[in-house]
Amino acid sequence: MNEFRNILQNIFDNYLLDYQGPFGSDKTSYKAFYKVQDWIKENATSNREELNIKFSVGKGNWTQVPWFAILNSKEAKDTRNGFYIVALFQHSMEGFYLGIGQGVTGPNEKYGNKGGAEYLKEKTEEVKREIGGLLDSSFTFTENIDLKATGGVAMGYGPGLCFQKYYNKENIPNDENILKDINNLIDVYDKILENNISSNLSKKSNEKNSWVLSAGRNAEFWEKFQNEQIINIGWDKLGNLAKFKTKNDIAQKIKELYREGDEAEPRNQALTCYEFAKDITIGDFIYIKKGSSKLLGVCEVISDYIYDETQGLHPHIRKVKWLVIKDFDIQSELGHTIALKTLTNFTRYPDTVKKFEQFYFMQESTSKEIVQELGDLDEYKRTAESLLIDTFFSSSEFIRILNNLRDKKNIIIQGAPGVGKTFIGKKLAQCLANSEMNIQSLVLHENYSYEEFVMGIRPDKDGKFILSNGVFYDFCHRAIKNPNEKFILLLDEINRANITKIFGELLVLIENNKRGPKNAVKLIYKPEENFYVPENFYIIGLMNTADRSLKVVDYALRRRFSFYTFEPDFENPEFKNFLIKKKVNINTVDKIIRNLSKVNQKISDDSFELGPGYCIGHSFFCPEDNKDSYENDWYENIIKNQILPLIEEYYFDKLDTIDEIREDLLS
């Protein structure tokens, strides 16, 4: 029986008909994609819990190019970033392409459409070099596909497809052959990840990179680097590198300004400029080299890219903090020299980076500050593992967020109801502060004012109006008096308040590079005091994306915080293991995962009314007590008393939709 072929035929026969009418999860083709999902789970991924199957037919409106995808949770949580197996249906419904694709949205958001396409092509070439021979010969490496789309996001899918095979609807193979192709793609997908090839920019942004930078011919700029606490590169005629969108744009400008008549492409020079300006991030380690056989020292990046014309021929700079200065003989330590390139990202060579770190950070001559820093990292890891022992939250993800909090000083965790924002926010605070006394929690609201938060005239207990300190002011002073401890301010519902109003003139002081006495300002109510926010003060904001009363988060807040979006984790294999350990009946566990995933798909697709920010979180189903078992009655009690009231609020004017979702949840 060719069940899968019949499902595909159903899509081909009905999608265009449904496309002409109103969007809805009750439509024939929408339901067919659920059947695709179920068939793949049963036949291709049943023993691989880290592989999730997703599909999309649109968000509120039918998409021109529907798709289904298989994602490894270690590489891609959604189709915005990372590698995954994908099937893209032509808008004309004449056929579909099946292959390995990459998220297009993430790269386009970071680099722009042109730069994003360049990034995706580079990743495709990387995959081609490593695993091209593993592919069945029927798959081809080409982005020249015709999805028959006339507009929308589908117009940009081409660069994201690494390789593919086309299936015409008139000649769909039997289930055995389709399954053979899917299994081949799963093998190739596994090999991509085994080779540490990733296209996921959200993963990379949380990692510290290690770079090697030349200090010029015969290290002529080494003394300047040390004295001015900077690193810099040349190519002054290019002007501000921030204006360039892609490496190719820089390469063409270099040819125009420096290499007229030279046919060779200046790829390495363009790459150096691009990576120096765009890819190096605050917190990265830079090892300075002399030639190809010696390192001179290591520093930490403490600023974004700066264009400074006063630097003459080398105007492109980064401010740095020098960590260790001493010579490392590359030839004797590694047994070989390294490339003469001006700038190289060595993160992709972990064995070499480990030797660099052992030499600079693990020897007796290493400064006490560096030893303390490394010791703190180990201690944070141990504390994190202890705090997360009875959860299923990834310890590596926890540490990544914690490290970003330590560097950036301010983060915001946002997400739908029940995704664990407050739970993890408190765990992060506990891990960093290491004392409940150094954690201050506040719930903000629309009427919260500067006078309550910082300082103002307020009545005392006797009704007299006096100058009173606010929570933020007092907590900052506690941190100033205890510089060897860390203090964390936990702000719940941070986007309910007018942040620029409650922080006032102090908003700029919370930036990580505006801390300390040298950036002190005069207070409105206390001009005789030079007030500042200390280095050991951190802010964790929490944001519910499903609150209809929320204001749009303004740019002033966004640029001072790192944002983390938490999503429902029903498809995470560790969630299933967690529930089983908590003695939830296995049939109930399967029902939770199946039903809530289905309902969240509908909510996410309803972009007119709702969208992904309104999905139902997993924490509703995390038992907090210690019963002998949790059965179906426990599940139904949560659905009826906690989940359905949310659904009724979401769809207060759509009784049929409420009934449909109630049926999905209780089935």
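The values are calculated or read from the model by the stated rules, or taken from the named source; none is laboratory data. Worth saying up front: this structure is predicted, and the values here are computed from it rather than measured. Backbone-built Cβ (ideal geometry, glycine too); neighbour counts: all protein chains shown. Heads up: the accessible areas ignore ligands, DNA and RNA and are worked out on the full protein's heavy atoms, side chains in. Shrake-Rupley method; radii C 1.70, N 1.55, O 1.52, S 1.80 Å.
Condition check ((1) closer than 16 Å to residue 356 by Cα; (2) among the hydrophobic types (A, V, I, L, M, F, W, C); (3) over 22 Å from the mean Cα position of the chain (by Cα); (4) not in a helix (DSSP H, G or I)) across all residues:
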site	(1), (2), (3), (4)
248	no, no, yes, no
253	no, no, yes, no
257	no, yes, yes, no
265	no, no, yes, yes
270	no, yes, yes, no
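For region 419-462, the set of residues classified as closer than 15 Å to residue 393 by Cα and among the aromatic types (Phe, Trp, Tyr) consists of 423 only.
When you check residue 121 against the structure, is it open to solvent by 30 Å² or more (accessible area, probe 1.4 Å) and within 16 Å of residue 200 (Cα to Cα), yes or no? Yes, satisfied.
The condition of being part of a loop (DSSP other than H, G, I, E, B) and not acidic (Asp, Glu) holds for only one of 652, 578, that being 652. Of all residues in region 256-265, none satisfies being surrounded by 16 or more Cβ atoms within 10 Å (Cβ to Cβ) and either modelled with pLDDT of 85 or more or under 23 Å from residue 340 (Cβ atoms) (or both). Within region 80-108, being surrounded by fewer than 21 Cβ atoms within 10 Å (Cβ to Cβ) and either closer than 19 Å to residue 275 by Cβ or of a type in the set (Ser, Thr, Tyr) (or both) holds for 92, 105. Any chance region 625-647 includes a residue that's modelled with pLDDT under 90, in contact with an Asp or Glu (Cβ under 8 Å, 6 or more places away or on another chain) and either surrounded by 16 or more Cβ atoms within 10 Å (Cβ to Cβ) or over 23 Å from residue 421 (Cα atoms) (or both)? No, the conditions are met nowhere in region 625-647. Only one of the numbered conditions (1) modelled with pLDDT under 90; (2) open to solvent by less than 40 Å² (accessible area, probe 1.4 Å) is not met by residue 1, and that is (2). Just one of the listed residues (191, 245, 253) is farther than 17 Å from residue 304 by Cα and surrounded by fewer than 19 Cβ atoms within 10 Å (Cβ to Cβ), namely 191. In summary, residue 562 fulfils each of the numbered conditions (1) polar (S, T, N, Q); (2) modelled with pLDDT of 90 or more; (3) more than 30 Å from residue 635 (Cβ to Cβ) with the single exception of condition (2). Exactly one residue out of 667, 604, 619, 597 is more than 24 Å from residue 56 (Cα to Cα) and among the hydroxyl-bearing types (Ser, Thr, Tyr): that is 619. Given the condition over 27 Å from the mean Cα position of the chain (by Cα) and farther than 28 Å from residue 36 by Cβ, answer yes or no: does some residue in region 589-599 qualify? No, region 589-599 has no match at all. Applying the criterion of being out of contact with any helix residue (DSSP H, G or I) (no Cβ under 8 Å at 6 or more places or on another chain) and more than 27 Å from residue 394 (Cβ to Cβ) to the residues of region 26-66, the residue that is modelled with the lowest pLDDT is 61.
Conditions (1) in contact with a Leu (Cβ under 9 Å, 6 or more places away or on another chain); (2) of a type in the set (Val, Ile, Thr); (3) more than 18 Å from residue 562 (Cα to Cα); (4) touching a residue at least 40 places away in the same chain (Cβ under 8 Å), marked per residue:
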position: 405; (1), (2), (3), (4): yes, no, no, yes
position: 417; (1), (2), (3), (4): yes, no, yes, yes
position: 451; (1), (2), (3), (4): no, no, yes, no
position: 462; (1), (2), (3), (4): no, no, yes, no
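Conditions (1) assigned to a loop (DSSP other than H, G, I, E, B); (2) touching a helix residue (DSSP H, G or I) at 6+ places or on another chain (Cβ under 6 Å); (3) β-branched (Val, Ile, Thr); (4) over 19 Å from residue 532 (Cα atoms), marked per residue:
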position: 456; (1), (2), (3), (4): no, no, no, no
position: 461; (1), (2), (3), (4): yes, no, no, yes
position: 477; (1), (2), (3), (4): no, no, no, no
position: 483; (1), (2), (3), (4): yes, no, no, no
position: 491; (1), (2), (3), (4): no, no, no, yes
position: 495; (1), (2), (3), (4): no, no, no, yes
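Of the residues 379, 385, 373, the single one that is assigned to a helix (DSSP H, G or I), modelled with pLDDT of 80 or more and open to solvent by 50 Å² or more (accessible area, probe 1.4 Å) is 385. Could you look through region 24-47, keep only residues that are farther than 24 Å from residue 186 by Cβ and free of Cβ contacts under 8 Å to residues at least 60 places away in the same chain, and pick out the one that is most open to solvent (accessible area, probe 1.4 Å)? Only one residue fits best here, namely 31. Each residue in region 497-509 was checked for being part of a helix (DSSP H, G or I), open to solvent by 50 Å² or more (accessible area, probe 1.4 Å) and closer than 13 Å to residue 450 by Cα, and 3 pass. Within 21 Å of residue 613 (Cα to Cα), hydrophobic (A, V, I, L, M, F, W, C) and in a loop (DSSP other than H, G, I, E, B) - does that describe any residue in region 101-109? Among the residues of region 101-109, at least one is within 21 Å of residue 613 (Cα to Cα), hydrophobic (A, V, I, L, M, F, W, C) and in a loop (DSSP other than H, G, I, E, B), which makes the answer yes. Here region 408-435 is the region considered, the condition is being charged (D, E, K, R) and either within 16 Å of the chain's Cα centre (by Cα) or outside any helix (DSSP H, G or I) (or both), and the residue that is surrounded by the fewest Cβ atoms within 10 Å (Cβ to Cβ) is 408. Can you name every residue in region 156-181 that is aliphatic (A, V, I, L, M), over 28 Å from the mean Cα position of the chain (by Cα) and open to solvent by less than 20 Å² (accessible area, probe 1.4 Å)? Residues satisfying the conditions are 172, 178. Among the residues making up region 388-407, those that are of a type in the set (A, V, I, L, M, F, W, C) and within 17 Å of the chain's Cα centre (by Cα) are 393, 398, 399, 401, 402, 405. If you scan region 614-624, which residues turn out to be small (Gly, Ala, Ser) and open to solvent by 20 Å² or more (accessible area, probe 1.4 Å)? Of everything in region 614-624, just one residue is small (Gly, Ala, Ser) and open to solvent by 20 Å² or more (accessible area, probe 1.4 Å), namely 619.
The number of residues in region 21-52 that are over 27 Å from the mean Cα position of the chain (by Cα) and under 22 Å from residue 657 (Cβ atoms) comes to 15. Can residue 539 be described as modelled with pLDDT under 90, outside any loop (DSSP other than H, G, I, E, B) and either among the β-branched types (Val, Ile, Thr) or in contact with a strand residue (DSSP E or B) (Cβ under 7 Å, 6 or more places away or on another chain) (or both)? It is false that residue 539 is modelled with pLDDT under 90, outside any loop (DSSP other than H, G, I, E, B) and either among the β-branched types (Val, Ile, Thr) or in contact with a strand residue (DSSP E or B) (Cβ under 7 Å, 6 or more places away or on another chain) (or both). Those helices (runs of 4 or more DSSP H) of region 154-239 in which 1 or more residues are touching a helix residue (DSSP H, G or I) at 6+ places or on another chain (Cβ under 8 Å) occupy 175-194, 201-204. The single condition from (1) surrounded by 17 or more Cβ atoms within 10 Å (Cβ to Cβ); (2) over 27 Å from residue 117 (Cβ atoms) that residue 211 fails is (2).
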